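This report refers to the structure that appears directly beneath it.
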Amino acid sequence: MTTTHILGMVYHIPLGLTFGWFVLLTGLGLVARAATRSRKLLVQLPGPPPAGWIKGHFTSLVGSGSIAFQEKIIAEYGSTLKLNGGFGEEFIFTTDPSAIYSVLVKERPKFERPLGSLLLIRSILGGGLLAKGGDEHRTHRKILNPVFTMKFLRELVMPIFMGISKQTCHGIKKELQASKSTPKEVDIFYWTTVAALELVGEAGLGYSFSSFTGERNEYNIAIKSVLRVFTKIVPFMTLIPFLYRIGTPSFRKWILQHIPHRDLQRLRYAVGIQNSQAEEVLRTREALISSGEDLSSQAGRGRDIVTLLMKAGEKEGSAFHVDHQEMIGHMNTFIFAGHETTSSAVARILDILADQPHIQMQLREEIRQYFENNSKDTNYDGLLELPYLDGVVRETLRLYAPVSFINRICEEDTVLPLQHPLETSSGNLTSIPIKKGTRVFMSISVSNRDERIWGEQASQFMPERWIGSKIDEITQPGSHVPGIYSSMMSFGAGPRACIGFKFAIMEIKVMITELVKDFKFEPSQEKYRWETFNMQAPYLQKDENPERVPKLPLKVIQL
């Protein structure tokens, strides 16, 4: 039994006739129990009118217009407000720097990932790092850290990144040569996705997905499908721990098999594709390790995630053990997180460069000069330090963060401090008392665009703001948010911040360098829009097919 079964049940609670009988028999009592608990905030905060009782404001918060919704409510109600979750829950939504610092850093032991979130992630990706909490998370993170050190990345991973980026350029050139039209419109998102999958496979797992064969990659499609269905389940996270206890595994499996809803079937199919691919990778790596073959000549050189986890469990006297399903979970998590973040970020940068040719020209000139002056630098160490390239990447990740919000649940009664006092009917609040079980949502996207932090030009794309300046000079005096990457929330903060952010930054910089060096990008005549399902991806405006996949058409000219 996997929690995917549970998630299918959760998702169908509001579907009426299709699922009504199951609600009456097994779910209704638990829903009532969840709804009748005290789920109100201790202090009444400003906020929009209550939304539907079943999903609350989650439909807006995780839908395709998520960022616009977040910006609207912050502008209207202030930096800290109340939103409604499902089944009568009230939660806090904030961009306040002091509140965010308290939750993610200063008072971190009091705030954990909600159990519903952990179970939801575990059901889709397995028992990887994102699905673990407390001491278990710390133990696994410590073992995985060597994969993400800068020394390892520079010495062993950088050459892999360069090689795959060159393969990507070669693939685009072949596509251009096969076309008679000039300039040719290329689906850039296809190529960034293909490259990102191969990059995380070879550099992180020591495995090649053979991504450049030109064949349809079911794994890539499965990941995109998982993301869309995932957002539809989010409103029911608070019920997942209850539904997880319903009946026996065989009963839950039977229920799953008899729910004819399309999205659930899509989720089952996508999770199956993910797991089968991870199984293949694991079999390949286990066979190689068991053979005793020297791994130093292999991709990752024996310091990939699979090898590190296996060797950690083999150490004499070690209490650490990763079972088969946990290993699959770690692999799925790494592929999903690394693949989605970088493919979207690289595509977004190319979209910006096409729209702002003066930035593209300046970046290309910096890259050209680097290669002209460093022809013997085979490790490309200086590439990562190029100031304008660095500014373009930082500014993109500031304005278009990979994930739009994060959330935590309060594990004990506490007080949430505020940098920006709230005006309420009972006076100005400089702190908010919150009780155990209260969820706090923190907007990354709005925080990264807050004029009180970034100044009046916060919404403008300005790579030069990062050049030759310290972070205290970039942000406004006294307004500093926690973040492992340039005082931004883009990769989180504190002990649960993204473990692979250095890996992702290096990957993005290398891919952009090779692409901008070899090609010129111009806007397409095809209309598209970036949509947010907590993560962001581009979709053709004319494509309303629910099974659609992301696409980013750009005019590409080979240089």
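The values are calculated or read from the model by the stated rules, or taken from the named source; none is laboratory data. For clarity, every value in this text was computed on a predicted model and none was experimentally measured. Counting neighbours? That spans all protein chains shown, and the Cβs are built from the backbone with ideal geometry, glycine included.
Can you work out which of the residues in the stretch 515-534 that are crowded, with 19+ Cβ neighbours inside 10 Å and in contact with a Phe, Trp or Tyr (Cβ under 9 Å, 6 or more places away or on another chain) is modelled with the lowest pLDDT?
That would be ASN534.
Have a look at ILE246, ILE255, ILE273 and point out the one that is over 18 Å from ALA337 (Cβ atoms) and either in a loop (DSSP other than H, G, I, E, B) or at pLDDT 80 or above (or both).
On the way: ILE255 fails: either in a loop (DSSP other than H, G, I, E, B) or at pLDDT 80 or above (or both); ILE273 fails: over 18 Å from ALA337 (Cβ atoms).
One residue alone meets the criteria, ILE246.
Just for the stretch 354-367: of the residues that are more than 15 Å from GLN558 (Cα to Cα) and in contact (Cβ under 8 Å) with a residue 24 or more places away in the chain, which one is surrounded by the most Cβ atoms within 10 Å (Cβ to Cβ)?
LEU363
Quick grid of which residues meet (1) over 22 Å from LEU118 (Cα atoms); (2) at pLDDT below 90; (3) within 23 Å of the chain's Cα centre (by Cα):
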{"residue": "HIS12", "(1), (2), (3)": "no, yes, no"}
{"residue": "LEU24", "(1), (2), (3)": "yes, yes, no"}
{"residue": "PHE69", "(1), (2), (3)": "yes, no, yes"}
{"residue": "GLY78", "(1), (2), (3)": "yes, no, no"}
{"residue": "LYS82", "(1), (2), (3)": "yes, no, no"}
{"residue": "GLY85", "(1), (2), (3)": "no, yes, yes"}
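Could you tell me which of the residues ARG449, ARG394 is among the charged types (D, E, K, R), surrounded by 21 or more Cβ atoms within 10 Å (Cβ to Cβ) and modelled with pLDDT of 90 or more? Step through it out loud before you land on a result.
On the way: ARG394 fails: surrounded by 21 or more Cβ atoms within 10 Å (Cβ to Cβ).
So the residue among ARG449, ARG394 that is among the charged types (D, E, K, R), surrounded by 21 or more Cβ atoms within 10 Å (Cβ to Cβ) and modelled with pLDDT of 90 or more is ARG449.
So, LEU554, is that one crowded, with 21+ Cβ neighbours inside 10 Å and either without any contact (Cβ under 8 Å) to a residue 12 or more places away in the chain or touching an Asp or Glu at 6+ places or on another chain (Cβ under 8 Å) (or both) or not?
Working: crowded, with 21+ Cβ neighbours inside 10 Å: yes; either without any contact (Cβ under 8 Å) to a residue 12 or more places away in the chain or touching an Asp or Glu at 6+ places or on another chain (Cβ under 8 Å) (or both): yes.
The answer is yes for LEU554.
Looking only at the stretch 167-185, filter to residues that are surrounded by 14 or more Cβ atoms within 10 Å (Cβ to Cβ) and of a type outside the set (A, V, I, L, M, F, W, C); which one of those is modelled with the lowest pLDDT? Reasoning before the result, please.
Filtering the stretch 167-185 down to residues surrounded by 14 or more Cβ atoms within 10 Å (Cβ to Cβ) leaves 167-169, 171-173, 175-176, 183-185.
Narrowing further to those that are of a type outside the set (A, V, I, L, M, F, W, C): 167-168, 171, 173, 175, 183-185.
Details: GLN167: 93, THR168: 94, GLY171: 93, LYS173: 94, GLU175: 92, PRO183: 75, LYS184: 90, GLU185: 92.
So, considering only residues that are surrounded by 14 or more Cβ atoms within 10 Å (Cβ to Cβ) and of a type outside the set (A, V, I, L, M, F, W, C), the one modelled with the lowest pLDDT is PRO183.
What residue, among those in the stretch 203-216 that are under 25 Å from VAL556 (Cβ atoms) and buried (at least 20 other Cβ atoms within 10 Å of the Cβ), is modelled with the lowest pLDDT?
Here is the first cut: in the stretch 203-216, the residues under 25 Å from VAL556 (Cβ atoms) are 209-216.
Adding the requirement that they be buried (at least 20 other Cβ atoms within 10 Å of the Cβ) leaves 209, 211.
Numbers: PHE209: 79, SER211: 76.
Checked the stretch 203-216; the qualifying residue modelled with the lowest pLDDT is SER211.
Has the stretch 535-547 got any residue that is touching a Phe, Trp or Tyr at 6+ places or on another chain (Cβ under 8 Å) and over 30 Å from GLN177 (Cβ atoms)? Even if it seems obvious, please write down each step before you answer.
Pass one, the stretch 535-547, residues touching a Phe, Trp or Tyr at 6+ places or on another chain (Cβ under 8 Å): 536-541.
Then keep just the ones that are over 30 Å from GLN177 (Cβ atoms); that gives 536.
Checked against the condition, which is being touching a Phe, Trp or Tyr at 6+ places or on another chain (Cβ under 8 Å) and over 30 Å from GLN177 (Cβ atoms), the stretch 535-547 yields at least one hit.
Can you tell me which residue is surrounded by the most Cβ atoms within 10 Å (Cβ to Cβ) among those in the stretch 401-422 that are within 30 Å of THR532 (Cβ to Cβ) and out of contact with any strand residue (DSSP E or B) (no Cβ under 7 Å at 6 or more places or on another chain)?
The residue in question is ALA401.
Which ranges mark the strands (runs of 3 or more DSSP E) fully within the stretch 476-559 that have 1 or more residues being touching a Ser or Thr at 6+ places or on another chain (Cβ under 6 Å) and β-branched (Val, Ile, Thr)?
Numbers: elements: 519-523, 528-533, 535-540, 553-558.
The strands (runs of 3 or more DSSP E) meeting that bar are 528-533.
Among the listed residues GLY65, GLY85, GLY116, which satisfies the condition of being surrounded by fewer than 17 Cβ atoms within 10 Å (Cβ to Cβ) and either closer than 25 Å to ARG496 by Cα or of a type outside the set (Asp, Glu) (or both)? Quick ask: steps written out before the conclusion?
Numbers: GLY85 fails: surrounded by fewer than 17 Cβ atoms within 10 Å (Cβ to Cβ); GLY116 fails: surrounded by fewer than 17 Cβ atoms within 10 Å (Cβ to Cβ).
When all the criteria are applied, what remains is GLY65.
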